[in-house]
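The numbers here are math on the coordinates, done by the rules we state, and not lab data. The shown structure was predicted, so the numbers you read here are calculated from the model rather than taken from an experiment. For neighbour counting, all protein chains shown are included, and Cβ atoms are generated from backbone atoms with ideal geometry for every residue, glycine included.
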Amino acid sequence: MAGPDETLRLNRRNLLGAGLAVSALPALARAQTAPPTTGKPQASGLPQPVETIDLWPKGAPDAPRVPLVETVNERSTDALVTDRAVFGISRPRMAVFRPDRPNGAAVLLMPGGGYKWVVVDKEGYEMARWLAARGFTAFVLFYRLPGEGWASGPDTPLIDAQRATRLIRHRAKDFAIDPERVAAMGFSAGGHVCASLSTRFAVPVYSPVDAADKLSARPACAAPLYPVISMDPAIAHAGSRALLLGSKPSPGQEMAWSPDQTVPADAPPHFLLHAEDDDAVPVENTLRFHAALRERKVPVEMHLFTHGGHGFGLRKAIGKPVEAWPDLWRAWARTTVLG
């Protein structure tokens, strides 16, 4: 009879085998709404997603009265480096990056954009490629923006994040994923989405639509990176706060949508990262969240860097001490169920 360690190895071997079989399927056959695109040719040599998962089979709930037009802006003038941002998202979806050799773990990525848009490349596809190269199945979430007229208001991005987590678990076999090894990672305003998910995963914010919604939305671990956390005007990112809560939120609203105020005792382990010279989202956001997690005795690791600014992702970290952050996350992740 196999012992626990051997059973674990066998389970992982089965997952790997299943992943290779699934990856052989025509990816385009699974594509639903296409990933956001400008229609312009992309730099050669970089994997682009050909597989997407729509979050809502019958359309997203709480739709605005005036239909949105999805728009993708290219902000880069370099033909070899794309920097796209998308807004008017009415079909929230995940772009999937499958690894050649899946390790059985998944990461749901929530890019930033100040709740004005969702960036595509810098905190989405670039990080997804890095993760896939290391065996993780990466899902880049294009979530709906709270200031675009959705009736669910400030809960709109969280609704999509909860639904996305449940869908990944529901389709775990399709991707050779262990449903208990689904992590969350978010950047800037996407860090607020990530932290909202990791603290309010059990809050019912939408009506169930299918069997996936019977599953837990709690991520196995969470990494909100240089995140928008507090809605306290003293340290809040003003643009994100206004688009999330409007121009004059009440103190109660500020508290309800500040993840440092909503940490449950069963929150997952957290990895926090911030540059102290961040002039867009003050480092106090991460410091407050770290203190709140510690107060609730939630496992947390925090890394602060003197220099790095805001929104460094991978590309803007090159040549700086903060360049080490992805490897720090990977070393920390090995101490969690991601292994």
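Odds and ends about this structure:
- Segments 245-253, 306-314 sorted - mean Cβ within 10 Å per residue, highest first: 306-314, 245-253
- Once backbone amide H atoms are built at 1.01 Å from N, residue 302 has 272 as its partners under 5 Å, excluding neighbours fewer than 5 places away on the same chain.
- In order along segment 117-131, the Karplus-derived 3J(HN,Hα) couplings, from 6.51 cos²θ - 1.76 cosθ + 1.60 at θ = phi - 60°, round to 7, 10, 6, 9, 8, 4, 10, x, 5, 5, 5, 4, 5, 4, 5 Hz, and Gly and Pro are given as x.
- Relative contact order computed over segment 101-333 (Cα-Cα under 8 Å; 6+ residues apart), in percent: 18 percent
- A Förster distance of 51 Å, applied to the separation of the beta-carbon atoms of residue 66 and residue 134, puts the FRET efficiency at 0.75.
- Percent of Cα pairs exceeding the 27 Å cut-off, where the set is the chain: 41 percent
- If you wrap the tightest convex hull around every Cα atom of segment 62-210 and split its volume per residue, you get 112 Å³.
- A straight chain from residue 210 to residue 42 at 0.36 nm per residue would run longer than the Cα-Cα distance by 56.8 nm.
- Debye equation applied to the C-alpha atoms of segment 193-339, log10 I(q)/I(0) at 0.14, 0.16, 0.20 Å⁻¹: -0.72, -0.92, -1.28
- Cα gyration tensor shape for segment 151-210, rounded if a/c is under 1.5, else prolate or oblate: oblate
- Cα Rg, Dmax (largest Cα-Cα span) when computed across segment 104-163, Å: 12.7, 39
- For segment 102-109, 3J(HN,Hα) per residue [Karplus equation, 6.51 cos²θ - 1.76 cosθ + 1.60, θ = phi - 60°, Hz, x = Gly/Pro]: x, 9, x, 10, 10, 10, 8, 9
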